[in-house]
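The values are calculated or read from the model by the stated rules, or taken from the named source; none is laboratory data. What you see is a predicted model; the values in this text were computed from it and never measured. All Cβ positions, glycine included, derive from the backbone under ideal geometry; neighbour counts span all protein chains shown. Ligands, DNA and RNA are stripped out before the accessible areas are found, and what is left, the full protein with its side chains, is counted by its heavy atoms. Shrake-Rupley method; radii C 1.70, N 1.55, O 1.52, S 1.80 Å.
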Amino acid sequence: MEKSEKVKEQILPEVSKKERQKLSHDCDVCKKSFSKKGNLNKHKRIHTGETPYYCDICGKSFSQSCNLTAHKRSHTGEKPYHCDICGKSFSQKITLTTHKRIHTGEKPYHCSVCGTSFSHQSVLNYHQHFHTGEKPFHCEICGKSFTQRSALTNHERIHTGEKPYSCNICNKSFSDRRNLTTHKRIHTGESPYHCDICGKSFSQSCNLTTHKRFHTGEKPYHCDICGKSFSGSSNLTGHRRIHTGETPYSCDICGKSFSQKQYLTLHKSIHTGETPFHCDICGKSFSQSGNLTTHKRSHTGEKPYHCDICGKSFTMSSNLTGHRRIHTGETPYSCDICGKSFSQKIHLTLHKRIHTGETPFHCEICGKSFSQSGNLASHKRIHTGETPYRCDICGKSFSDQSAFISHKSIHTGEKPFHCDICGKSFFQKGSLTAHKRIHTAETPYSCDISGRSFTQHGNLTSHKRVHQGKKQSH
């Protein structure tokens with residue numbers, strides 16, 4: 001007997017003779033037994049694909065009348081089943097029953113193979129397929145197989161483009177009901193999944209699971225190319241594209257492509273200017289909820305990500321990841337033009353603009369362009385006169401944070417940036433970077449007219465004025 005058959009025997013234990021007599025109605029296709037003929041008839045519709053119950057609003061059809069009744073509530077908005085603990089309402093009684101288990105912690109469905117418990121029968125059924133390896137639901141268009149019928153239904157919408165679940169607040173549509181449920185939490189601010197270690201809340205249970213790995217240090221997803229490990233499967237998928245160069249997510253406005261969907265979503269906000277997430281403390285708006293969460297830490301002073309080597313803390317996990325590379329010396333992002341490598345992808349992106357001359361951030365007042373959004377933000381303060389960075393020692397104010405940090409070192413005398421070749425120290429990191437080019441002889445800023453190269457961008461700007469002066473004299 002094969003391993004999968006043995007597992008099935010564990011999952012489906014023997015039924016007594018008395019119970020077999022009760023299950024007198026057998027399916028002639030899969031041999032499953034039922035105590036009532038009506039239940040057998042309903043079951044047979046799985047095999048025949050028959051859906052005799054039609055919705056008179058959208059035309060969708062169902063194999064059972066109860067499913068049609070539940071579906072119609074998606075049109076009427078009716079939610080007759082209410083949770084007596086939190087007041088949340090549901091369109092189906094079974095959904096309310098499952099929901100209540102969030103409050104009670106009840107997990108009545110147990111896997112007979114590994115002992116794992118679940119709050120819902122369908123989740124147990126899905127889990128059991130991992131033991132048997134069975135994927136009984138097949139897509140007739142591309143042949144892909146699934147462990148659940150609902151997963152197949154959702155997959156088929158990739159081919160059809162169908163998005164039947166619409167948000168009644170912003171009208172955004174989704175192919176999967178669960179995605180709509182998660183989306184609605186953007187509007188309600190609901191985050192029902194809480195970390196029992198630090199108290200942080202999440203809108204999705206999978207995000208809580210990934211978050212908990214920050215506390216445990218668990219990284220179960222491993223790259224089979226370089227061996228790097230990750231706490232989330234999506235992080236591994238995104239990382240692998242560094243090796244393959246794959247960028248499957250394309251902007252339909254400018255054609256730019258990205259390795260991860262979240263980067264495309266963030267990029268699109270440059271075109272739309274949409275910033276739907278607002279800070280309730282200062283009113284500042286953001287294109288992504290994650291950016292709002294990070295921003296709020298500037299008000300609270302929270303720095304939840306700690307380096308286990310030097311103890312330094314950060315407001316963002318990505319900053320901690322980049323910082324750790326200072327200790328390891330890792331520079332995984334390489335420029336395909338000059339070969340220079342960087343510890344963070346953003347630094348590579350900014351570096352490449354030296355070669356391309358790209359300045360995608362434009363001032364709508366004077367038209368000046370910049371390679372970095374932060375430089376544009378600083379520049380705009382020339383027009384507004386805003387100086388938000390104030391020295392608490394002498395009271396002097398600055399429009400630019402780097403100038404403010406440099407100024408403070410005048411009072412402290414601190415020069416925190418040291419050259420590892422000659423030991424010379426500097427107030428600013430940019431000054432150290434420019435200084436190091438004396439040792440490396442690197443001249444990354446080239447004149448496109450004469451071909452002459454310079455160690456600093458300011459020197460190139462001054463040089464170009466020589467050409468401009470010559471043009472004016474002629």
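Amide H to amide H under 5 Å from Thr315: which residues, 5+ apart in sequence or cross-chain, H placed 1.01 Å off N in plane?
Those lying under 5 Å, H to H, from Thr315: there are none.
In whole Hz and in residue order, list the ³J(HN,Hα) couplings for region 141-150 that follow from phi through the Karplus curve 6.51 cos²θ - 1.76 cosθ + 1.60, θ = phi - 60°; x for Gly and Pro.
Result, rounded to whole Hz: 8, 10, x, 5, 10, 9, 7, 10, 5, 4.
How many times 2.2 N^0.38 Å is the alpha carbon radius of gyration of region 247-398?
1.21
How much of the accessible area of the chain, in percent, comes from carbon and sulfur atoms when a 1.4 Å probe is used?
50 percent
For region 49-106, what is the accessible area per residue in Å² when the probe is 1.4 Å?
The answer is 64 Å² per residue.
What are the ³J(HN,Hα) values, in whole Hz, obtained from phi via the Karplus relation 6.51 cos²θ - 1.76 cosθ + 1.60 with θ = phi - 60°, for each residue of region 29-41 in sequence order, with x given for Gly and Pro?
Karplus values, whole Hz, x for Gly and Pro: 9, 10, 6, 5, 10, 9, 7, 10, 5, x, 5, 5, 4.
So how tilted is helix 93-104 from the main axis of the chain? Cα-based, degrees 0 to 90, rounded to 10.
60 degrees
Give me, ordered by chain and number, the residues 5 or more places off Tyr165 or on other chains with an amide H under 5 Å from its own placed amide H.
So Tyr165 has HN proximity to Phe174.
Report the rotationally averaged projected area of region 45-151 based on its alpha-carbon convex hull, in square nanometres.
Reported value for the Cα convex hull: 8.9 nm².
Taking N as the number of residues in the chain, what value does Rg over Cα atoms divided by 2.2 N^0.38 Å take?
Against the compact-globule rule of thumb, the ratio is 1.32.
Would you mind getting me the FRET efficiency between His347 and Thr97? Use the beta-carbon distance for r and R0 = 45 Å, nearest 0.05.
With R0 = 45 Å, the Cβ-Cβ based efficiency is 0.30.
5 Å is the cut-off here: which amide hydrogens, built 1.01 Å from N in the peptide plane, fall below it relative to Lys144, excluding neighbours closer than 5 in sequence?
Sorted by chain and number, the residues that satisfy this are Cys139.
In sequence order, what are the phi-derived ³J(HN,Hα) couplings for region 313-323 according to the Karplus relation 6.51 cos²θ - 1.76 cosθ + 1.60 with θ = phi - 60°, rounded to whole Hz, with x for glycine and proline?
10, 9, 7, 10, 5, 5, 5, 5, 4, x, 5
For the chain, take the longest principal axis of its alpha carbons; what is the angle in degrees between that and the long axis of helix 401-412, to the nearest 10 within 0 to 90?
Rounded to the nearest ten degrees, it is 60.
For region 49-106, what is the Kirkwood hydrodynamic radius in Å, using each pair of distinct C-alpha atoms?
Across region 49-106, the inverse of the average 1/r is 12.7 Å.
Among His411, Thr244, Ser231, pick out the residue whose Cα is farthest towards the positive end of the charge dipole of the chain, where Lys and Arg carry +1 and Asp and Glu carry -1 on C-beta, about the Cα centre.
Among His411, Thr244, Ser231, the one farthest towards the positive end of the dipole of the chain is His411.
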